[in-house]
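Accompanying notes for the structure given below.
The values are calculated or read from the model by the stated rules, or taken from the named source; none is laboratory data. Nothing here was measured: the structure is a model prediction, and the numbers come from that model. Cβ placement follows ideal geometry from the backbone for every residue including glycine, while neighbour counts extend to all protein chains displayed.
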Amino acid sequence: MHFTISVILFTMIHIIGMYCVSFDIEKSAMARVSNTHQAVFKAADALLEKGVRPTQQNVREVIGSGSITTINKALGDWWASLSERLNAVKTTLKFLSLYFA
């Protein structure tokens with residue numbers, strides 16, 4: 001049983017990790033990701049977890065600084081990546097439910 005759980009956890013990490021690596025490669029090919037860009041992603045995730053829709057203004061309040069233009073671009077990237085990240089989690093959960101069914 002311990003081995004089975006380890007394999008499942010490894011698979012989940014691998015699926016999510018593949019997305020993260022491809023996202024990082026895509027971003028680094030275009031330009032270096034700024035600290036503000038990363039902060040916007042973290043802030044937007046935190047706001048969404050609280051049930052608050054991430055906007056330019058409330059993201060800026062969370063991170064404490066940054067131009068609205070930079071935040072707007074990063075927030076646009078965050079919205080674009082959200083469905084991919086949710087689909088990765090959905091795929092993992094589907095795999096787990098089939099495995100333990």
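Results for (1) at pLDDT 90 or above; (2) loosely packed, with under 11 Cβ neighbours inside 10 Å; (3) touching a strand residue (DSSP E or B) at 6+ places or on another chain (Cβ under 9 Å), shown as yes or no for each residue.
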site: Tyr19; (1), (2), (3): no, no, no
site: Phe23; (1), (2), (3): no, no, no
site: Gly51; (1), (2), (3): yes, yes, no
site: Lys73; (1), (2), (3): yes, no, no
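The residue that is farthest from Phe41 (Cα to Cα), among those in region 83-101 that are surrounded by 15 or more Cβ atoms within 10 Å (Cβ to Cβ) and either in contact with a Pro (Cβ under 7 Å, 6 or more places away or on another chain) or not small (Gly, Ala, Ser) (or both), is Thr92. Filtered by the rule that a residue be more than 14 Å from Gln38 (Cβ to Cβ) and in a helix (DSSP H, G or I), region 56-79 gives Gln56, Gln57, Asn58, Arg60, Glu61, Ile68, Thr69, Asn72, Gly76, Trp79.
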